[in-house]
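Just so it is clear, none of the values below were taken in a lab; they were calculated from the coordinates. Small disclaimer: the values here were computed from a predicted structure and weren't measured. We place every Cβ from the backbone using ideal geometry, glycine too, and count neighbours over all the protein chains shown.
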Amino acid sequence: MGTFFLIALIAALVLGFISSSIWSGKGGSSGAGFAIGFFLGIVGLVIVLVATPSQAAAIGGPRSVHNSMKRECPFCKEGIRGDATVCPHCQRESPAWTWNDDHWWKLDTDGRWVWLDESRRQWN
């Protein structure tokens, strides 16, 4: 955590120097420019520290990454979300995949549950 704050402080200082340079180039006081840039850098840091945990919780945390997995609609062959039951393109229904134990699962044609090995793009 200490390294993060050191990097954030350096970033705020860099923003202060950049805004100081811009501010003085436009005829203003370089000290005022530095203060504004540094202050905005600190405000940005506070926003990142406060907003990130609540946003992660709102979207389901780290496990929400599985929602980006696409599958092919069996009817129109367009890409749809793995957990979708209705294709947004052709509006036809197809069985959705299920996310469980860090794998996608579906019912096979034999009625067995199989899981997707994403590295090999193969159902097991």
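Tell me the label-point distance for the pair L40, S21, using the 7 Å Cα-to-Cβ offset, in nm and rounded to one decimal.
1.5
For A84, list long-range residues whose amide hydrogen, built 1.01 Å from N in the peptide plane, is under 5 Å from its own amide hydrogen.
W97
Quick one: if you stick a label point 7 Å off each Cα along the C-beta vector at K70 and C90, how many nm between them?
1.6
What lysines sit close enough to K106 to cross-link, taking a C-alpha to C-alpha distance under 30 Å and skipping anything fewer than 8 places away on the same chain?
The qualifying lysines are K70, K77.
Tell me, what ³J(HN,Hα) does each residue in region 72-88 have, in order and in whole Hz, if you take phi through Karplus 6.51 cos²θ - 1.76 cosθ + 1.60 with θ = phi - 60° and put x for Gly and Pro?
8, 5, x, 9, 9, 6, 7, x, 9, 4, x, 9, 7, 9, 10, 6, x
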